[in-house]
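Structure, as structure tokens:
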Amino acid sequence: MGKYLLKRVVLAVVTIWAVATITFGLMNMVPGGPFLSEKAISPAATAALEAKYGLDKPFIERYLTYLGDAMHGDFGLSLKQRGRTVSSIISAKFPVSAKVGGIAVLVSLLLGVPLGVLAAYKRGTAIDSTFSVLATLGIAVPSFVICTVLMYFFGVKLRLLPTLGLTSWKHYLMPVFALAAYPTSYIMRLMRSSMLDVLGQDYMRTAKAKGLSQGVSLFKHALRNAILPVITYLGPMIAYTLVGSFIVEKIFTIPGLGGEFIKAINGRDYTMIMGTTIFLAAFMVVMLLIVDIVYTIVDPRIKLK
Amino acid sequence: MTQENTNEKYLVDIRNERLSFFTPAGEVKALNDVSFKMKEGEVLGIVGESGSGKSVTAYSLMGLTAYPGRLIGGTIDFNGHRINDLSESEFREIRGNEVSIIFQDPMTSLNPVYTIGNQIEEVIRLHTDKSKDEARERAKELLTLVGINEPEKRLKQYPHELSGGMRQRVMIAIALACEPKLLIADEPTTALDVTIQAQILELMMELREKLGMAIIMITHDLGIVASMCEKIAVMYAGKIVEYGTTDDIFYNPKHEYTKGLIRSIPRLDAKEHERLVPIEGTPVDMLNPPAGCPFAPRCDNCMKICLKEMPPVTYFDDVHYTQCWLNQKEEFDASSKAGKEGADE
């Protein structure tokens, strides 16, 4: 286990380095730059700015400098948000996204898993078909449609829920719903199909023959065997959801990290692009490692080597 | 009625059980008029080919009939319970407690994600009010009983860490945890290799001596029933076509199917070039069973009436009976030879 972890950490560093390198290269191939704007800035001023941020140096030198700094935990200053470091922006924005996203993850788990189990248990009935229609809707309808429809009915027509900001629990309802719709539906479908598989297994017949109740049978014997696909999905899903959705944050005016990704790319805020990408990559790598460890806890047949 | 009396006398009393699977393709009549009785401690073998209804009969006794199967007629009495009338929660009291079962494939019958100990203790704690520690003690006792060494260590192991024979022993331990009145063994050795097979059967017989439970042995291995069972029910197409003591079935078979089965057993005393005699043909299509005797199309001595009408039951003594027109004919010939009225054909 210790050896395995060490191997994974080394691999994680290599993965993050590869992501950083590719992003750095791609970013520099995109035309434009951080200091272009409608207002003409004098060439002298542009040159001075570029010199300040080291953008006048050759590509390789900038790349090596960036890597060196990043390894010391210094992700540089934002090129667009005057005077703020990339780390400070991420540490200010991430908690906001993570809170909304975290609630959405919890909701999708707490709803998706039991509903999937129920759909499998009641296969072929009206409940099953209803759930399956709802799940298909949740997967097919894009989040911006969900957001705007929710906003129109609950915010504008009924005036029940506030449409912007994040100041009370009521503010969370619509964004969380919009964020959780897809993962809930997806988890429900995963859960249903793997549960159907497990319900047909011989050991489920054994459980019944022992005289166990349906509840114990389903939630003790079946669930633990059927949950693996959901755990696989959960790793990347948690990373993406906690980091924040650009669309949902934009529509509900949530000051989260999701918006920063797009803002950084549009503004060619090079250091910010690198910072957010590396942050997401690192988060993802950690989540995947956690998924692997959780596997071994849930299914004793899986051994990490 | 006399129901109470029969309940006292018999552990299992199944009368005219009819069970069908309602599939999209139509009704599959899996059991047609199955009747048999078992005394306490008796060992009954149910033999027959795949799809003849052996397992379905046993499963219905435990309420394990798979969807879309449904009991549509007859009565099943077990240990004073009228199985037909039991609610799901009443059934749960019986399952694993008064009647338990060992399945065919020990490799897949244990839950892979829980330890052996957990799976044995679970059933003990469900049906008794033993504490966690007492249940663990009992589990250890059971593992020793089924001949597993180092029980302490095994309790902490997962199914995938044990061999097939070992897992079947664990299944037996689970089945015997609450000292059931009846143990159903559904082809318990089919998935095991021959040496392990012998060990498991020996173990079952030994445990029966010790604990005195009745056993229903479902198998298509006639060798097993010959050595283990007191009574044998031969099933074909959802019917018990012949029922009798082991001696009746092996030395005095009456039904053509039973005779065929016995002819197809390899014998040690066979001459060198003697061939085994297979039963020709294929099993009946249970979706469209024939009007007459289901075995008629494969029977060497098939008569006209066999294709038209189901034969009535012919009793030879209190135990031995069969459902075959040939025996009916013999009886008929005997009675007409004796002289009296011939009755219409």
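Computed from the coordinates by the stated procedures, all read-outs in this text should not be read as laboratory data. In this text, all values refer to a predicted model and were calculated from it rather than measured experimentally. Backbone-built Cβ (ideal geometry, glycine too); neighbour counts: all protein chains shown.
Here the scattering of the range A:170-233 is modelled by Debye summation over its C-alpha atoms, one equal scatterer each and no solvent; at q = 0.29 Å⁻¹ the log10 of I(q)/I(0) is -1.14. Taking every DSSP bridge with both residues inside the protein assembly as shown, close to 60 percent are antiparallel.
Of the residues B:THR314, B:THR128, B:THR246, the one that moves most in a GNM of chain B with alpha-carbon contacts below 10 Å is B:THR128. Between A:ILE293 and A:ASP197, the simple label model (points 7 Å from Cα in the Cβ direction) yields a spacing of 2.6 nm.
In this label model, A:GLU61 and B:LYS130 are separated by 8.0 nm, measuring between points 7 Å along each Cα→Cβ vector.
On average over all directions, what projected area in square nanometres does the range A:1-93 have, based on the convex hull of its Cα atoms?
Details: hull surface 32.5 nm².
Over every viewing direction, the Cα hull of the range A:1-93 projects on average to 8.1 nm².
Taking a ≥ b ≥ c as the square roots of the eigenvalues of the Cα gyration tensor of chain A, is the shape rounded (a/c under 1.5), prolate (a/b larger than b/c) or oblate? Here chain A falls in the oblate category.
Treating cross-link reach as a plain straight distance, find the aspartates and glutamates whose alpha-carbon is under 13 Å from the alpha-carbon of B:LYS9, omitting any fewer than eight places away in the same chain. Qualifying aspartates and glutamates at Cα under 13 Å: B:GLU40, B:GLU42, B:ASP77. For chain B, the Cβ-based charge dipole about the Cα centre amounts to some 480 debye (Lys, Arg positive; Asp, Glu negative; other atoms uncharged). Applying 1/(1 + (r/R0)^6) with R0 = 60 Å to the Cβ-Cβ distance of B:ALA334 and B:TYR67 gives a FRET efficiency near 0.80.
The 3J(HN,Hα) values that the Karplus relation (6.51, -1.76, 1.60; θ = phi - 60°) gives for the range B:177-191 are, in residue order, 3, 9, 6, x, 6, 9, 10, 9, 10, 8, 6, x, 10, 4, 8 Hz. Gly and Pro appear as x.
Over 19 Å apart: what share of the alpha carbon pairs of the range A:96-270 falls there, rounded to a whole percent? All intermediate terms of the calculation are to be shown ahead of the outcome.
Values: 9397 of 15225 pairs.
Above the 19 Å cut-off, the range A:96-270 has 62 percent of its Cα pairs.
When only alpha carbons of the range A:87-178 are considered, Rg and Dmax amount to 16.2, 53 Å.
Within straight-line reach of B:LYS329, meaning a Cα separation under 18 Å, sit the following aspartates and glutamates at least 8 residues removed in sequence or on another chain: B:GLU242, B:GLU256, B:ASP300, B:GLU309, B:ASP317, B:GLU341, B:ASP344, B:GLU345. Here's how it looks for B:VAL43: its modeled amide H is under 5 Å from those of B:ILE215, B:GLU230, B:LYS231, which are all 5 or more places away or on a different chain. Relative to the globular-protein estimate of 2.2 N^0.38 Å, the Cα radius of gyration of chain B stands at 1.08.
Think of the range A:243-305 as a dipole: +1 on every Lys or Arg Cβ, -1 on every Asp or Glu Cβ, centred on the Cα centre; then among A:ILE273, A:GLY256, A:VAL294, A:VAL294 lies furthest on the positive end.
Basic side chains Lys and Arg get +1 at the Cβ, acidic Asp and Glu get -1 at the Cβ, and with that the dipole of the protein assembly as shown about its Cα centre reaches some 3840 debye. Using the beta-carbon distance between A:VAL30 and A:SER87 and R0 = 25 Å, what value does 1/(1 + (r/R0)^6) give for FRET efficiency, to the nearest 0.05? Here the calculated transfer efficiency is 0.60. Within the listed set B:ASP300, B:ASP33, B:ASP186, the Gaussian network model of chain B (springs between alpha-carbon atoms below 10 Å) gives the highest mean-square fluctuation for B:ASP300.
Relative to the dominant Cα principal axis of chain A, helix A:169-199 is inclined by about 50°.
Restricting attention to the range B:145-301, close to 55% of DSSP beta bridges with both partner residues there are antiparallel.
To the nearest 10 degrees, how steeply does helix A:257-266 sit against the main Cα axis of chain A, on a 0 to 90 scale? Relative to chain A, helix A:257-266 is tipped by roughly 40 degrees. Put one equal scatterer on each alpha carbon of the protein assembly as shown, apply the Debye formula with no solvent term, and list log10 I(q)/I(0) at q = 0.09, 0.12 1/Å to two decimals. Debye curve over Cα of the protein assembly as shown, log10 I(q)/I(0) at q = 0.09, 0.12 Å⁻¹: -0.88, -1.23. The residues packed around B:ILE196, meaning those with a beta-carbon under 12 Å from its beta-carbon, carry a net charge of 0 if Lys and Arg are +1 and Asp and Glu are -1. On the basis of the beta-carbon distance and an R0 of 22 Å, A:TRP17 and A:LYS303 show a calculated FRET efficiency of 0.20.
Taking each of A:LYS122/A:LYS170; B:LYS39/B:LYS132; B:LYS37/B:LYS254; A:LYS99/A:LYS263; B:LYS29/B:LYS181 in turn, the alpha-carbon distance tops 23 angstrom for A:LYS122/A:LYS170; B:LYS39/B:LYS132; B:LYS29/B:LYS181. Selection among A:GLY73, A:SER193, A:ALA239 by position relative to the dipole of the protein assembly as shown gives A:GLY73 as farthest towards the positive end (Cβ unit charges, Cα centre).
Could you list A:ASP292, A:ASP56, B:ASP318, B:ASP193 so that the one with the fewest beta carbons within 10 Å of its beta carbon is first and the one with the most is last?
B:ASP318, B:ASP193, A:ASP56, A:ASP292
Which value, in debye to the nearest 20, gives the size of the charge dipole of the range A:1-132 about its Cα centre, when Lys and Arg are +1 and Asp and Glu are -1 at the Cβ? Kindly include the intermediate steps, with their values, before the conclusion.
On the way: 14 positive and 7 negative charges, 82 e Å.
Using only the charged Cβ atoms, the result is roughly 400 debye.
Cross-link partners for A:LYS80 among the aspartates and glutamates, with Cα-Cα distance under 12 Å and sequence neighbours closer than 8 places in the same chain left out: A:GLU260, A:ASP269.
The H on the amide N of B:GLY73, modeled in the peptide plane, is under 5 Å from the matching H of B:ARG18, each at least 5 residues off or on a different chain. Once both labels are positioned 7 Å from their Cα atoms along Cα-to-Cβ, the gap between A:TYR53 and A:LEU106 label points is 3.9 nm. Sort out for me the Cα centre separation of the range A:218-252 from the range B:269-326, rounded to whole Å. Value for the Cα centre distance between the two parts: 60 Å.
Compute a Gaussian network model of chain B, connecting alpha carbons closer than 10 Å, and tell me which residue from B:LYS156, B:LYS254, B:LYS54 fluctuates the most. Top of the fluctuation ranking is B:LYS156. Around the amide H of B:ALA30, modelled in the peptide plane, lie the amide H atoms of B:LEU19, B:SER20, B:PHE21, all under 5 Å away and 5 or more residues distant in sequence or on another chain. Remark: the range B:274-287, residue by residue, has Karplus-estimated 3J(HN,Hα) of 5, 9, 6, 9, x, 8, 5, x, 10, x, 5, 7, 6, 6 Hz, where x stands for each Gly or Pro and the curve is 6.51 cos²θ - 1.76 cosθ + 1.60 at θ = phi - 60°.
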